[in-house]
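**Q** Here you go, one structure.
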Amino acid sequence: MMNEATKTMITETRDLARKNGIKASIHFHHENSHLMRIGNNSVSLNTSEELTRIDIEVIDGMKKGTHTHLGEISSVDELFKMVQMVSVKAGKSAAMDYKPVLTVIEGNLEIESQYDAGLESLNPSVKEQVYSAIFRDVGEDYNYSGSWSSGSTETFSVTTANDNSVWHKLTDQQFMCVLKHPEKMWELASWQTGWKADDVKADFTIDEFKNILPVYETTEGFEVEPGKYKVVLGSQAISDLIGMTVWTGCAGRTWEMKMGWTADNKIGDDILHPSVTVFDDPTNENIFSEPLSDSGMLTKTLPMIDKGKFAGLLYDRNTASKYDKEATANAGCLAMQPGDGDPDFLKAVKDQGRVLYIPAIHYMNMPNMSKGIFTGSSRFSAVLIEDGKIVSPIFSSRITDQFANIFGNVLSISSETISVNTSNTYGRRAPGAVSVPTWILVDGVKITDCAESF
Amino acid sequence: MSIFNDLKEAVTRNIGRVMDAGAQYSDVRWYEDDSSEMLMLLDGNLEGNDTTVESGLGVRVLYGGAWGFAATSQIVNVDTCFDRALANAVSASKLVKVKLDMGTMDGHTGSYTSPFKIDPIDVSLSEKVDFLKGVDDSLTEDWILRRMLRVQLQRMIIHFWSSEGTYTQKKLINTFAHMTVMALDSDRQMQRRSKSLFCETGGTRGWEMLTKPALWSGHAERVKKELKEVLVAPELEYGKRSVILLPGQGHLQVHETIGHPLELDRILGYELSYAGGSFVNLDSFGKLKYGSDKLSVSAYGSIVNSPGTFGFDAEGTPERDYLLIDKGILVDCLTSRAMISEANQRAGRKVFTESGGASRSTAFYRAPIDRMTNVNILPGDDGTLKDIIATTEDGIIVDNPTSWSIGSNREHFHFGCEIAWEVKNGEITRVLRNPSYQGHTVEFYNNLSAVGDESSWVVEQVENCGKGEPNQVMELGHGLPVIKFDNVISGERK
């Protein structure tokens, strides 16, 4: 927990930097993380990390430098020496052909609207009990694995541009459980997310597994021949796809560099199906809040794709400076809007004949960003559906297609949305989530390969 | 007293304390210094000028057959960190089906230092920037739209203590560099060509490695020339043909479809919720025909100057040179100590005899897991690249990945590459763009038809292998020659 003395130390260091003519931003990041990992029906890792980082950026005319220190800093003198070191580094750097921009924090904020002390201090035994309940209720003969990350992230940001500061504290958790048949080798998965201690419930996962298990237990795997199929994509798959679609199509830097699949498009062009709308929406309750953009603006809802039209590009402060554009108040909070389809996808596809249901895409990558070509394979709970009835599980199948085809050939979209946790724990704790429909039905999806196994 | 002596006393006392409390085993890693620097020059602008310094303590406790781990960046809190690791282990032990066991290892001491002449962290920023500016100048052409140079430098000083009485100390130096040039082709698709810094046989790992033209900067003219050829090249048509992988591409093929599936924690199912599993099982060892007779693969490989060479792993086990695949037959895997006892217990026989020294961790605040060290294809007897081309009727040569996507059990894969050269009747006929190929791992390696000799064997560096939860990035190397596979589906289906 950050104390007032630490805040004072940081603001006093900021003032000292300003007095010495140094243009700097100082960002404090403290995490209190816990992760329980499950493998072979056992706790395979139970880990706690309490880490404090200080990020310093200094702008010196056309030059810049950054430094991160992981460890305790206890005095203004110590922290200011670090700022001076970065200042020297920036001074010795090479001048750029545009002016790097110092973050200007717009307002004084103290935010903890998504903070739950109960989750921050969640006893690991609670996690052990939830997993135990799942094993017991669904069946001890299956092989279970999973992970459950939870914790708090506390940040405090100041810059020499003004006297404003932002303090933000939130909690988050990401739960996953994988059920694998020990002989038949198929895998089912269940995900949950949230920021409150009681957001994860054993019953949710138990019900998910019990609903799909009968099909998996009673039918053999189906090998999908390469070709074009109607495909229902589930929320995990939509999350990955829409994330890559907008970050390679609607990020200002990518567009300016002519790297992405929208390089030859302009704002207002029809680029996707009219039923597809995507916002950067920090107000969406499904998504972890982010109060400031990288330029220091208070974040707000921004359109990126509006009814299939190219509606907006997002610019960070330095890209905006380089390309002479205005920085945008984006939060990185993706929200794809729902449609009017029945929340039960089986009802929604009952007149569609043969359909593949692919809830998650494993290891997606982009062989050709200019054409928006992606590839990845089905995993977890993927099934063949005929006339609205689940017929059999499908073997690991590869999709290789274009974003413009996937989101250009949408037949229907669920009327319900769900939060998908997109946090990773590389480096520091950085909670992230997107809000997406629970399913979308797409025509003509290219399956390019299929294994003879799950 | 010095920080080291204070810490050693506190660590020794706390190891005794948790062992007295019933722990089976405990170890501690203290990162005295974990410094890194990233410089990125994009179109001549120094967009990345970042340094990071980390220091702290990671404690593991094995209690009741279960791991507990805790880390702190405050080394004054050693007692608290041990308390938390022990509490986590006790809590974990309530839900354990197969009790983990470390086996036995005699306590020992040792030290290791990466071979280097100039510590890259100590080189002045001005010298680094001047060097990169020089390389950037050599890449600059009117027709090139994007130039990117990225350098990553690392210095780690790590101390390790265990309840068995082992103490090791190591100083690791790593130098990575990548150059990429990009331009729009005749269809306005962005094409790229790149070159990464690689290791010379018997070389070093310091700043001097980066400034040796033969290993990196001297490739600038070739990289530009090949990009120019790609821009006007026809697209690779879909079909089955031979595919010759240059080391720039082959190392990622080996990494994804030999290295990862042979990590024992993946085989035992401990990565299912994130990275995935493996098509290999405990019955596969000694039986599975992983590839043709031409395929022999080693771990570590006694390579002195690779990022996958580190002296002692994160359990204090010395690195060990051994075969993973012997003339096509799967014989061993990448292991840590605890995974071996579980595997043997499950198999009901002694599948593995000793740790592969492959327990690694990305930082003090991450628990060690099974990782690759150096995973290498041994040189073959099919001659030079020229010799292999001469024996190819219909094929392509490919280099450097643009994308990689692998099935969750590593049973199938799809790779996109920067460039292809068409080979017809033993000769290179033209350059092709947007090459890709896909396959099923075991079938693919059984179609391995040629392995180059020492003349094409190099050690490629990997600086960003991701695995584990919490996520961990790891550095490693792959030594390999030119390799040829037959009957490979390549190009994209229309």
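**Q** Any residue at all in segment B:136-145 that is more than 30 Å from B:D185 (Cβ to Cβ) and in the same structural domain as B:G44 (by TED's automatic domain parsing)?
**A** No; the residues of segment B:136-145 include none that is more than 30 Å from B:D185 (Cβ to Cβ) and in the same structural domain as B:G44 (by TED's automatic domain parsing).
**Q** Another question, then. Would it be correct to say that B:E492 is within 11 Å of chain A (Cβ to nearest Cβ) and assigned to a helix (DSSP H, G or I)?
**A** no
**Q** Which count do you get for residues in segment A:1-56 that are in a strand (DSSP E or B) and either of a type outside the set (V, I, T) or not assigned by TED's automatic domain parsing to the domain that holds A:S152 (or both)?
**A** 25
**Q** A further question follows. Can you name the strands (runs of 3 or more DSSP E) wholly within segment A:336-444 that have at least 2 residues being closer than 20 Å to A:G249 by Cα?
**A** Where strands (runs of 3 or more DSSP E) fall fully within segment A:336-444 and carry at least 2 residues being closer than 20 Å to A:G249 by Cα, they are A:360-368, A:373-379, A:397-402, A:433-437.
**Q** Name the one entry in A:I394, A:I413, A:I399 that is within 27 Å of B:R188 (Cα to Cα), buried (at least 20 other Cβ atoms within 10 Å of the Cβ) and over 19 Å from the mean Cα position of the chain (by Cα).
**A** One residue alone meets the criteria, A:I399.
**Q** Is one or more of the residues making up segment A:84-91 more than 11 Å from chain B (Cβ to nearest Cβ) and not acidic (D, E)?
**A** Yes, some residue in segment A:84-91 is more than 11 Å from chain B (Cβ to nearest Cβ) and not acidic (D, E).
**Q** While we're looking at this one, here's another question. Of all the residues that make up segment A:416-428, how many are of a type in the set (A, V, I, L, M) and either within 13 Å of chain B (Cβ to nearest Cβ) or buried (at least 23 other Cβ atoms within 10 Å of the Cβ) (or both)?
**A** Total satisfying the criteria: 1.
**Q** Kindly indicate the residue of segment A:42-73 that is in contact (Cβ under 8 Å) with a residue 60 or more places away in the chain and over 30 Å from B:G65 (Cβ atoms) and also farthest from the other protein chains (Cβ to nearest Cβ) among those meeting that condition.
**A** Only one residue tops the list, namely A:I73.
**Q** Look at A:T66 and say whether it is of a type in the set (V, I, T) and buried (at least 22 other Cβ atoms within 10 Å of the Cβ).
**A** no
**Q** Also: Let me spell it out: the conditions are (1) within 14 Å of chain A (Cβ to nearest Cβ); (2) in contact with a Lys or Arg (Cβ under 7 Å, 6 or more places away or on another chain), and B:S355 meets all of them except one. Which number is the exception?
**A** In the conditions (1) within 14 Å of chain A (Cβ to nearest Cβ); (2) in contact with a Lys or Arg (Cβ under 7 Å, 6 or more places away or on another chain), B:S355 misses (1) alone.
**Q** If you don't mind, another one. If B:P379 meets every condition in (1) in a strand (DSSP E or B); (2) under 27 Å from B:G301 (Cβ atoms) apart from one, which number is that one?
**A** It fails just one condition, (1).
**Q** Can you name the residue in segment B:414-451 that is within 9 Å of chain A (Cβ to nearest Cβ) and within 30 Å of A:M185 (Cα to Cα) and is also surrounded by the most Cβ atoms within 10 Å (Cβ to Cβ) among such residues?
**A** Going through the qualifying residues, I end up with B:F415.
**Q** Please go through segment B:409-434 and pick out each residue that is in contact with an Asp or Glu (Cβ under 8 Å, 6 or more places away or on another chain) and closer than 30 Å to B:E271 by Cβ.
**A** Once the filter is applied, which keeps residues that are in contact with an Asp or Glu (Cβ under 8 Å, 6 or more places away or on another chain) and closer than 30 Å to B:E271 by Cβ, segment B:409-434 yields B:R410, B:H412, B:F413, B:H414, B:C417, B:E418.
**Q** Right, something else. For segment A:347-369, indicate whether the set of residues that are more than 13 Å from chain B (Cβ to nearest Cβ) and at positive phi is non-empty.
**A** Within segment A:347-369 (the criterion being more than 13 Å from chain B (Cβ to nearest Cβ) and at positive phi), the answer is yes, since at least one residue qualifies.
**Q** Another question about this same structure. Restricting attention to strands (runs of 3 or more DSSP E) lying wholly within segment A:211-321, give those where 2 or more residues are surrounded by fewer than 23 Cβ atoms within 10 Å (Cβ to Cβ).
**A** Where strands (runs of 3 or more DSSP E) fall fully within segment A:211-321 and carry at least 2 residues being surrounded by fewer than 23 Cβ atoms within 10 Å (Cβ to Cβ), they are A:227-234, A:302-306.
**Q** Restricted to segment A:181-197, and to residues that are without any contact (Cβ under 8 Å) to a residue 24 or more places away in the chain and not in a loop (DSSP other than H, G, I, E, B), which residue is nearest to the other protein chains (Cβ to nearest Cβ)?
**A** A:S190
**Q** Name the pairs: first residue in segment A:373-387 and within 9 Å of another protein chain (Cβ to nearest Cβ), second residue in a strand (DSSP E or B) and acidic (D, E), Cβ to Cβ under 6 Å, at least 6 apart or on different chains?
**A** Once the first residue is within 9 Å of another protein chain (Cβ to nearest Cβ) and sits in segment A:373-387, its partners that are in a strand (DSSP E or B) and acidic (D, E) give A:F380/A:E187.
**Q** When you scan segment B:203-282 for helices (runs of 4 or more DSSP H) that lie fully inside it, which ones turn up with 1 or more residues that are surrounded by fewer than 18 Cβ atoms within 10 Å (Cβ to Cβ)?
**A** The helices (runs of 4 or more DSSP H) meeting that bar are B:207-210, B:220-231.
**Q** Please work out which one of (1) free of Cβ contacts under 8 Å to residues at least 60 places away in the same chain; (2) under 30 Å from B:C199 (Cα atoms) is the condition B:L295 fails and give its number.
**A** Checking B:L295 against (1) free of Cβ contacts under 8 Å to residues at least 60 places away in the same chain; (2) under 30 Å from B:C199 (Cα atoms), the one that fails is (1).
**Q** Another question, then. In segment A:322-352, which residues are surrounded by fewer than 21 Cβ atoms within 10 Å (Cβ to Cβ) and touching a Phe, Trp or Tyr at 6+ places or on another chain (Cβ under 6 Å)?
**A** The one that is surrounded by fewer than 21 Cβ atoms within 10 Å (Cβ to Cβ) and touching a Phe, Trp or Tyr at 6+ places or on another chain (Cβ under 6 Å): A:K325.
**Q** Shifting gears a bit: Take B:V96 and tell me if it is at the interface with chain A (Cβ under 8 Å from one of its Cβ atoms) and under 21 Å from A:N123 (Cα atoms).
**A** The answer is yes for B:V96.
**Q** Anything in segment B:61-115 that is part of a strand (DSSP E or B), of a type in the set (S, T, N, Q) and either assigned by TED's automatic domain parsing to the domain that holds B:D265 or surrounded by fewer than 22 Cβ atoms within 10 Å (Cβ to Cβ) (or both)? List them, or say none.
**A** Selection gives B:T109, B:S111, B:T113.
**Q** Scanning for something among the acidic types (D, E) and either closer than 30 Å to A:G107 by Cβ or without any contact (Cβ under 8 Å) to a residue 24 or more places away in the chain (or both), does segment A:219-234 turn up at least one residue?
**A** Looking for residues that are among the acidic types (D, E) and either closer than 30 Å to A:G107 by Cβ or without any contact (Cβ under 8 Å) to a residue 24 or more places away in the chain (or both), one finds none in segment A:219-234, hence no.
The values are calculated or read from the model by the stated rules, or taken from the named source; none is laboratory data. For clarity, every value in this text was computed on a predicted model and none was experimentally measured. All Cβ positions, glycine included, derive from the backbone under ideal geometry; neighbour counts span all protein chains shown.
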